[in-house]
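First comes the structure, then the notes that go with it.
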Amino acid sequence: MNVSVSPSRVAGRVRAPPSKSYTHRAILAAGYGKGATVTDPLDSADTRATARAVEAYGGAVDRREDSFEVVGFDGRPDVPDDVIDCANSGTTMRLTTATAALGDGLTVLTGDDSLRSRPQGPLLDALADLDGRAESTRDNGQAPLVVGGHIDGGTVAIPGDVSSQYITALLMAGAVTDDGIDVELTTELKSAPYVDITLEVLDDFGVEATVTDDGFSVPGGQSYAPEDGEYAVPGDFSSMSYLLSAGALAADGELTVLGARPSAQGDSAIVDVLERMGATLDWNRDEGEIVVERSSLSGVEVDVGDTPDLLPTIAAVGAAADGTTRITNCEHVRYKETDRVSAMAEELTKLGASVEEFEDELVVHGGESSLEGATVAGHDDHRIIMSLALAGLVADGTTTIEGADHVDVSFPGFFETLRDLGVTVEESA
């Protein structure tokens, strides 16, 4: 599906989708236990992949209108009857690869073309060091993966600058091993707030895990069981970033975004980034509401070492701002669904932005840019698509985004939401 966005103003009240990161972890946490009700979950392509994995390991997930009813596999997974297809979800693959290492037999995990190009090697090495079997069928550290071995726990060293999901996977699986897992980081940890999310979810499910001098530790022999058998998923700041940015770029009066309650999500940093750029924002943390107005924006420097998913959003806003926006510490953003640094440079350039791409930086010269509608590629990446839609709000003429249906990964109904806020959106095959 292609989607065309024309210059528009936005106004009204809108609720951000539930958090994808929390939903993934909650489904798997309930799977590790005897089960739980996950309320207000994000029902998206990615989270459905995690639900399928839990079912493959012997659990069950009943997706209802406002909840997921999860029956868990209680600590030790079954050997799946078939290959686990993680589709496009890197979170599903990494988190449930560690689950596979708890099984008595072997599990095969794979995904689409994009997922089969993403690095899994450090996690495979870590599981092998724990006496599991963890191999890439092509011997290149990428899926398809073959994993098993019934690991009992232990101490493992792993880099922290490729993906924080490796640490999350080990901590979540480690809680149900006999001996627990101590994770020693061999490099600086990037995307640290995502591990904070994991620690928060573990705590809510009654699982102890701690930060150590050189990494993290989770004792073994624990059980996953949230209070009263329920876990509520908070709103998603990654998805909220597009709504808040739309308001800062194109609000007609005020745009109110609901569901913005404080949590461990690093992407809540978008509020600070937009304020530094000059946006008028009022965040009522108690009510979970942010009111944003259209503002004159200026470029800033932003380190995305801990907030990689914000890079496309910030780049798009920077293209419409005065001055220069410099996005630093972003090499790890190249290993997402696509190379997001290169993709945003390429597509914003098509729209008339002045962009410089470096190995670890993306520089957008908004003051030298004149955004004009054009046909751009979505790169099969939900965050690229939604960010380009932001640019389309303020570009002269119509911006057509190819392959826009991939927003279903994290924000189903994104374009319907924009339409409800007043954006001119047209869909075509």
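Taking Asp139 as meeting all but one of (1) closer than 24 Å to Gly31 by Cβ; (2) assigned to a loop (DSSP other than H, G, I, E, B); (3) of a type outside the set (Gly, Ala, Ser), write down the number of the exception.
Looking at each condition in turn, Asp139 falls short on (1).
From the list Ala157, Ala128, which one is crowded, with 17+ Cβ neighbours inside 10 Å, at pLDDT 95 or above and not aromatic (Phe, Trp, Tyr)?
Answer to the check: Ala128.
For region 267-280, check the following and say yes or no: at least one residue is part of a strand (DSSP E or B) and either outside the structural domain of Gly153 (by TED's automatic domain parsing) or surrounded by fewer than 23 Cβ atoms within 10 Å (Cβ to Cβ) (or both).
The answer is yes, given that some residue of region 267-280 is part of a strand (DSSP E or B) and either outside the structural domain of Gly153 (by TED's automatic domain parsing) or surrounded by fewer than 23 Cβ atoms within 10 Å (Cβ to Cβ) (or both).
When you check Arg116 against the structure, is it of a type outside the set (Val, Ile, Thr) and at pLDDT below 95, yes or no?
Considered against the rule, which asks whether it is of a type outside the set (Val, Ile, Thr) and at pLDDT below 95, Arg116 comes out as no.
In region 52-92, what residues are within 19 Å of Ala143 (Cβ to Cβ) and either among the small types (Gly, Ala, Ser) or without any contact (Cβ under 8 Å) to a residue 24 or more places away in the chain (or both)?
If the condition is that a residue be within 19 Å of Ala143 (Cβ to Cβ) and either among the small types (Gly, Ala, Ser) or without any contact (Cβ under 8 Å) to a residue 24 or more places away in the chain (or both), then Ala53, Ala56, Ala87, Ser89, Gly90 are the ones that fit.
Listed here are the residues, each with its yes/no results for (1) more than 18 Å from the chain's Cα centre (by Cα); (2) without any contact (Cβ under 8 Å) to a residue 60 or more places away in the chain.
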site	(1), (2)
Ser239	no, no
Leu249	yes, no
Ser263	no, no
Glu275	yes, yes
Glu289	yes, yes
Gly323	yes, yes
Met344	no, yes
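Yes or no: Glu230 out of contact with any helix residue (DSSP H, G or I) (no Cβ under 9 Å at 6 or more places or on another chain), without any contact (Cβ under 8 Å) to a residue 24 or more places away in the chain and among the acidic types (Asp, Glu)?
Criteria not met by Glu230.
Given (1) closer than 29 Å to Ser89 by Cα; (2) crowded, with 16+ Cβ neighbours inside 10 Å, where does Ser342 come up short, assuming only one miss?
That leaves (2) as the condition not met.
Filter region 291-311 down to the residues that are assigned to a loop (DSSP other than H, G, I, E, B), under 14 Å from the mean Cα position of the chain (by Cα) and aliphatic (A, V, I, L, M) and list them by number.
Val304
Could you grab me the full set of residues in region 54-93 that are closer than 27 Å to Tyr335 by Cα and β-branched (Val, Ile, Thr)?
Of everything in region 54-93, those that are closer than 27 Å to Tyr335 by Cα and β-branched (Val, Ile, Thr) turn out to be Val54, Val83, Ile84, Thr91, Thr92.
Among the numbered conditions (1) more than 15 Å from Ala315 (Cβ to Cβ); (2) among the charged types (D, E, K, R); (3) free of Cβ contacts under 8 Å to residues at least 40 places away in the same chain, tell me where Glu361 comes up short.
(1)
Can you tell me which of Leu362, Leu310 is touching an Asp or Glu at 6+ places or on another chain (Cβ under 6 Å), buried (at least 24 other Cβ atoms within 10 Å of the Cβ) and under 30 Å from Gly160 (Cα atoms)?
Residue meeting the stated conditions: Leu310.
Scan region 4-56 residue by residue and report those that are aliphatic (A, V, I, L, M), under 19 Å from the mean Cα position of the chain (by Cα) and either assigned by TED's automatic domain parsing to the domain that holds Asp282 or under 22 Å from Ser268 (Cα atoms) (or both).
Ala16, Ala26, Leu42
I need the full set of residues from region 249-263 which are outside any strand (DSSP E or B) and closer than 22 Å to Ala321 by Cα, in order please.
Correct list: Leu249, Ala250.
Go through the residues of region 86-97 one by one and say whether even a single one is of a type outside the set (Val, Ile, Thr), in contact with a strand residue (DSSP E or B) (Cβ under 6 Å, 6 or more places away or on another chain), part of a loop (DSSP other than H, G, I, E, B) and surrounded by fewer than 23 Cβ atoms within 10 Å (Cβ to Cβ).
There is no residue in region 86-97 that is of a type outside the set (Val, Ile, Thr), in contact with a strand residue (DSSP E or B) (Cβ under 6 Å, 6 or more places away or on another chain), part of a loop (DSSP other than H, G, I, E, B) and surrounded by fewer than 23 Cβ atoms within 10 Å (Cβ to Cβ).
Here is a list: Leu170, Leu115, Leu102. Which entry is closer than 26 Å to Arg48 by Cβ, touching a Pro at 6+ places or on another chain (Cβ under 8 Å) and crowded, with 22+ Cβ neighbours inside 10 Å? Walk me through how you get there before you give the answer.
Values: Leu170 fails: touching a Pro at 6+ places or on another chain (Cβ under 8 Å); Leu115 fails: touching a Pro at 6+ places or on another chain (Cβ under 8 Å).
Leu102 is the lone residue from the list that is closer than 26 Å to Arg48 by Cβ, touching a Pro at 6+ places or on another chain (Cβ under 8 Å) and crowded, with 22+ Cβ neighbours inside 10 Å.
Taking strands (runs of 3 or more DSSP E) that fall entirely within region 2-65, which contain at least 2 residues that are of a type in the set (Val, Ile, Thr)?
Output list reads 2-6, 10-15, 35-39.
The values are calculated or read from the model by the stated rules, or taken from the named source; none is laboratory data. Computed from a predicted model, the values in this text were never measured in an experiment. Every residue, glycine among them, receives a Cβ derived from its backbone with ideal geometry; neighbour counts consider all protein chains shown.
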